Amino acid sequence: MEAFLIDIEKRAYHMAAFATGSHADALDLLQDSMIKLVTNYQEKPAKEWKPLFYKILQNRIRDWHRHQKVKNLLFFWKTDEVEVWPPTELNNDSLDTPENNLTKNQQQGAALQHLKQLSPKQQQCFLLRSWEGLSVAETADIMSCSQGSVKTHYFRAVTKLRTMMEDDHEITF
């Protein structure tokens, strides 16, 4: 179980951070999800851990969004300082030339900004399907929606991301 959690930790953190936009909230959601998996499901076969973990994480993210809506309604006059996210380190490739690093950082930054512009369901669907490589059926189970919904959210996410990235390319060159 420990090796599984270590393997999944970074990707799950990024998923939670995309959903919340907050480092601290993402860490809280990640920790809660891991604790629930270990306490309630460690006796399950290892092949079931990944879908179970992401279902738990999705439920925690959904609960966080609900809580935020209530909080915003009750405390609408307060403004929170926005944390700077994402952290600068995302990928450590061996091609460490300054030009490659600059280009890679610019592309990653643009992709992350575009990903933030997607709806929460499109974000999570895209991350589960693309980053985690989960099937449509597994993603549907995790997101508590139909397979058709997963396909629609994923298609819309990919289309919107592609359009935004192409617009960036046209502006850059």
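Odds and ends about this structure:
- In range of the label at Gln31: residues from the range 42-56 whose backbone nitrogen is under 19 Å from the point 7 Å along Cα→Cβ: 56
- For the range 38-51, Karplus couplings with θ = phi - 60° (6.51, -1.76, 1.60), whole Hz, Gly/Pro x: 5, 6, 9, 10, 5, 7, 5, x, 4, 5, 8, 5, 4, x
- Residue-span extension gain [Ser149 to Arg162] - 0.36 nm each, minus C-alpha spacing: 2.7 nm
- Peptides 1-7, 118-124 ordered by packing proxy, namely the average of other Cβ atoms within 10 Å per residue, highest first: 118-124, 1-7.
- Alpha-carbon Debye profile of the range 107-162, log10 I(q)/I(0) at 0.15 Å⁻¹: -0.37
- In terms of distances greater than 26 angstrom between alpha carbons, the cross-link table entries Lys36/Lys151; Lys44/Lys160; Lys47/Lys69; Lys10/Lys36; Lys36/Lys69; Lys44/Lys151 yield Lys36/Lys151; Lys44/Lys160; Lys47/Lys69; Lys44/Lys151.
- For the range 128-138, Karplus couplings with θ = phi - 60° (6.51, -1.76, 1.60), whole Hz, Gly/Pro x: 5, 6, 7, 6, 8, x, 6, 6, 4, 5, 5
Rule-based calculations on the coordinates, nothing more; no lab input. Source: prediction; values computed, not measured. Glycine gets a Cβ as well: all are built from the backbone with ideal geometry, and neighbour counts include every protein chain shown.
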